[in-house]
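These notes are about the structure you will find just below.
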Amino acid sequence: MRMFGTTLAIAALGATPALAASGPFISLKNTNFIVLLAFLLFVAVLFYFKVPAMLAGMLDKRAEGIKSELDEARALREEAQSLLASYERKQKDVQEQADRIVAQAKAEASAAAEVAKAELKKSIARRLQAAEEQIASAEASAVRQVRDTAVGVAVAAARDVIAGQMTATDGNKLIDEAIAEVDAKLH
């Protein structure tokens with residue numbers, strides 16, 4: 001086990017750059033030189049196949065795509081803001097119209113109430129006048145009935161008094177005078 005640990009330590013020391021570059025730099029035994037050659041070969045292959053240009057083109061396309069998406073998003077945002085402003089204006093207009101309708105309805109209701117009050121006053125006045133006319137008519141009728149009854153009673157009383165005091169010759173004389181008076185008034 002100890003031997004395995006020592007072998008690992010020697011292998012680790014051999015991989016260090018100080019030991020790898022102990023010989024001349026331009027030599028196939030120098031790992032730093034081999035790594036440099038591999039790197040340069042890799043970069044040359046990348047340039048040969050135009051990978052940087054392709055990467056730049058892909059990045060440009062991606063940048064253009066992002067720019068177009070940002071422009072589209074900006075346009076959509078502006079459109080949304082204009083729609084929002086439009087809806088807010090419409091809401092304000094609708095609210096103003098609703099306020100006007102409510103105010104107009106209140107004014108119409110007030111006017112209708114005033115008209116109804118005036119018509120109610122007129123109706124009450126007509127009914128009071130009709131009631132007063134009925135009362136006056138009933139009063140006149142009652143006075144007429146009382147007068148008629150009084151006249152009838154007076155006539156009956158006068159008849160009884162005259163019948164008790166009058167003789168046949170006085171009655172004939174009265175009848176003749178009444179006929180003459182009627183005859184004078186008719187002609």
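The values are calculated or read from the model by the stated rules, or taken from the named source; none is laboratory data. As the structure is a computational prediction, the values presented were derived from the model and not from experiment. A quick note on method: Cβ atoms are made from the backbone with ideal geometry, for glycine too, and the neighbour counts reach across all protein chains shown.
Numerical summary
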{"read-out": "Number of positions in segment 16-63 that are modelled with pLDDT under 90, aliphatic (A, V, I, L, M) and either touching a His at 6+ places or on another chain (Cβ under 6 Å) or in a helix (DSSP H, G or I) (or both)", "value": "3"}
{"read-out": "Neighbours by Cβ (under 7 Å, 6+ apart or cross-chain): first from segment 46-72, among the hydrophobic types (A, V, I, L, M, F, W, C); second surrounded by fewer than 10 Cβ atoms within 10 Å (Cβ to Cβ)", "value": "none"}
